[in-house]
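Colleague: First the structure, which I've put down as structure tokens, then a few questions once you've had a look.
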Amino acid sequence: MKKILITGGAGFIGCHVVRLFVNKYPAYQIYNLDALTYAGNLENLKEVEQSANYHFIKGDITDEPFINGLFTEHGFDAVIHLAAESHVDRSILDPLSFVNTNVMGTAVLLNAAKRSWGNAEGKLFYHVSTDEVYGSLGETGFFTEETPYDPRSPYSASKASSDHLVSAYHHTYQLPVVVSNCSNNYGSFQFPEKLLPLMINNIIHSKPLPVYGKGDNVRDWLWVDDHARAIDVIFHQGKLGETYNIGGFNEWKNLDIVHLLCEIMDDKLGREKGESAKLITFVKDRAGHDKRYAIDATKLNKELGWEPSLQFKEGMEKTIDWYLSNSEWIANVTSGSYKQYYNQQYVNR
Ligand code: NAD
Ligand code: DAU
């Protein structure tokens, strides 16, 4: 039996990872630690909340006495660390909260694991990170595990710092760690501040679709369940001290992806062809907007046999269908401070 602490399990990717581990590994005890910020929502975990091997703990990863106490109380065998401030635009508005959660929070968890585990065998600290630590690409090329770090937003700089701390704990204290750096995820339960759910929600309500700059920035999209599957594979088979890039070789310009969404949704909403695309509005660009991300996931494929399971258009259809049948979820998660953020970000831009 393994006791696994998953941080940030009430967020977008975390809820998919928690569901996968709770359902696939009944012999594991899964402890989901989440502060339930604006981005964390227990509704995301309804499917597993009654499961005997699932436990929820509300708490903040930056609270050192509390985190040390949790390790003492539960004696975790492994940590899968996803809790973070994750939205680039918010990091431009409020960088210090990103430094606090992403850097300090990761350091507190690493230190608690080091104190609790000593030299014990069979432990693992798995840090879930992002491809944004590698910076921005030109027209060609891919990020590999050897690409030098060059973070450019407060968000990516805070994630890069946390990656470096994980590596430092491995080299200095031999803490058993593994890191993965993934490209843009899409799918169900993503908070509607990120590109795809924001656009889907605005199309539903016939609101303007705010495309930053010319819409020619490129992102590499991966189905969130394929990310969760990759985390499962790396957790069980990854080599200690290694980094694995995760991505689906699926690059799209922002404007093209918004047009694709509009086309599919015109059809699903019974609108005339081209009607939703009329909502596209070019707005002021994001400060320091990274041009292109593209992940080379060859190492993960060759060494651990992982590959994406879903074609992008099929994933988009599923995602759109999920948002269309979960309007109550959208209404609930956007009922708090979201309106204020939205107005600051788009209406008063
Ligand atoms: P998210 O914003 O949807 O969820 C983050 C979760 O962390 C929320 O449930 C929130 O309540 C929790 N949290 C925030 N601060 C906390 C704190 N101080 N203590 C405890 N819990 C706290 O994020 P996401 O998109 O699911 O991303 C999860 C992780 O994956 C992050 O580390 C992110 O950097 C990384 N990542 C995300 C993507 C992506 O496309 N979304 C891609 C690659 C990597
Ligand atoms: O690459 C992985 C990263 O992907 C993760 O580490 C981050 O947590 C995640 O938020 C995501 O970062 P991005 O900045 O790429 O995602 P976002 O959805 O915010 O934006 C995607 C692209 O769309 C980006 O080029 C900016 C653009 N955009 C975004 C929004 C919200 C718009 O044009 N309009 C918008 O309203």
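Colleague: Take the residues in region 145-187 that are away from ligand 2 (no atom under 15 Å from the Cβ) and of a type in the set (Ser, Thr, Tyr); name whichever of them is nearest to residue 311 (Cα to Cα).
Modeller: By that ranking, first place goes to 167.
Colleague: Failed condition for residue 12, given (1) of a type in the set (Phe, Trp, Tyr); (2) out of contact with any Leu (no Cβ under 7 Å at 6 or more places or on another chain); (3) over 28 Å from residue 157 (Cβ atoms), with all others met?
Modeller: (3)
Colleague: While we're looking at this one, here's another question. Which condition does residue 210 not pass, out of (1) assigned to a strand (DSSP E or B); (2) closer than 30 Å to residue 21 by Cα; (3) not β-branched (Val, Ile, Thr), if it passes all the others?
Modeller: The single condition residue 210 does not satisfy is (2).
Colleague: To continue, here is another question. Which of the numbered conditions does residue 341 fail, given that it passes all the others? Conditions: (1) modelled with pLDDT under 95; (2) open to solvent by less than 60 Å² (accessible area, probe 1.4 Å); (3) within 22 Å of the chain's Cα centre (by Cα); (4) more than 16 Å from ligand 1 (Cβ to nearest atom).
Modeller: Answer for residue 341: the failing condition is (4).
Colleague: So, in region 116-170, how many residues would count as being in a strand (DSSP E or B) and closer than 30 Å to residue 94 by Cα? Reasoning before the result, please.
Modeller: First, the residues of region 116-170 that are in a strand (DSSP E or B): 124-130, 143.
Of the ones still in play, those that are also closer than 30 Å to residue 94 by Cα are 125-130, 143.
Within region 116-170, residues that are in a strand (DSSP E or B) and closer than 30 Å to residue 94 by Cα number 7.
Colleague: Looking only at strands (runs of 3 or more DSSP E) that lie completely in region 18-90, which have at least 1 residues being among the acidic types (Asp, Glu) and either over 17 Å from residue 124 (Cα atoms) or within 15 Å of ligand 1 (Cβ to nearest atom) (or both)?
Modeller: Working: elements: 29-34, 54-58, 78-81.
Ranges flagged: 29-34.
Colleague: Tell me, yes or no, whether region 20-40 has at least one residue that is polar (S, T, N, Q), farther than 26 Å from residue 107 by Cβ and in contact (Cβ under 8 Å) with a residue 40 or more places away in the chain. Can you show your working first?
Modeller: First, pick out the residues of region 20-40 that are polar (S, T, N, Q): 23, 29, 32, 37.
Filter again for farther than 26 Å from residue 107 by Cβ, leaving 23.
If we keep only those that are in contact (Cβ under 8 Å) with a residue 40 or more places away in the chain as well, we get none.
So far as region 20-40 goes, no, none of its residues is polar (S, T, N, Q), farther than 26 Å from residue 107 by Cβ and in contact (Cβ under 8 Å) with a residue 40 or more places away in the chain.
Colleague: Which residues, counting only those in region 305-317, are crowded, with 17+ Cβ neighbours inside 10 Å and within 23 Å of residue 144 (Cβ to Cβ)?
Modeller: Across region 305-317, the qualifying residues are 306, 308, 312.
Colleague: Moving on. Taking only region 279-304 into account, find how many residues are open to solvent by 50 Å² or more (accessible area, probe 1.4 Å), of a type in the set (A, V, I, L, M, F, W, C) and away from ligand 2 (no atom under 16 Å from the Cβ).
Modeller: Within region 279-304, the first condition is being open to solvent by 50 Å² or more (accessible area, probe 1.4 Å), and the residues that meet it are 281-282, 284-285, 287-288, 291, 298, 301-303.
Cutting the leftovers down to of a type in the set (A, V, I, L, M, F, W, C) gives us 282, 287.
So of that shortlist, the ones also away from ligand 2 (no atom under 16 Å from the Cβ) come out as none.
Selection size over region 279-304: 0.
Colleague: Inside region 248-274, can you point out the residues that are at positive phi and within 22 Å of the chain's Cα centre (by Cα)?
Modeller: Kept after step one, since they are at positive phi, are these residues of region 248-274: 249, 270, 274.
Matches in region 248-274: 249 only.
Colleague: Hey, can you tell me all the residues within region 191-231 that are open to solvent by less than 20 Å² (accessible area, probe 1.4 Å), of a type outside the set (A, V, I, L, M) and within 15 Å of ligand 1 (Cβ to nearest atom)?
Modeller: 191, 192, 193, 197, 217, 219, 220, 221, 226, 227
Colleague: Separate question: Can you tell me which residue is surrounded by the most Cβ atoms within 10 Å (Cβ to Cβ) among those in region 99-123 that are within 10 Å of ligand 1 (Cβ to nearest atom) and hydrophobic (A, V, I, L, M, F, W, C)?
Modeller: 109
Colleague: Going by the conditions given, is residue 87 more than 16 Å from ligand 2 (Cβ to nearest atom), surrounded by 15 or more Cβ atoms within 10 Å (Cβ to Cβ) and either at pLDDT below 95 or not hydroxyl-bearing (Ser, Thr, Tyr) (or both)? Steps first, please.
Modeller: Numbers: more than 16 Å from ligand 2 (Cβ to nearest atom): no; surrounded by 15 or more Cβ atoms within 10 Å (Cβ to Cβ): yes; either at pLDDT below 95 or not hydroxyl-bearing (Ser, Thr, Tyr) (or both): yes.
No: the conditions fail for residue 87.
Colleague: Can you tell me how many residues within region 202-239 are over 22 Å from residue 299 (Cα atoms) and of a type in the set (A, V, I, L, M)?
Modeller: 5
The values are calculated or read from the model by the stated rules, or taken from the named source; none is laboratory data. Computed from a predicted model, the values in this text were never measured in an experiment. A quick note on method: Cβ atoms are made from the backbone with ideal geometry, for glycine too, and the neighbour counts reach across all protein chains shown. Heavy atoms of the whole protein, side chains included, go into the accessibility calculation; ligands, DNA and RNA do not. Shrake-Rupley method; radii C 1.70, N 1.55, O 1.52, S 1.80 Å.
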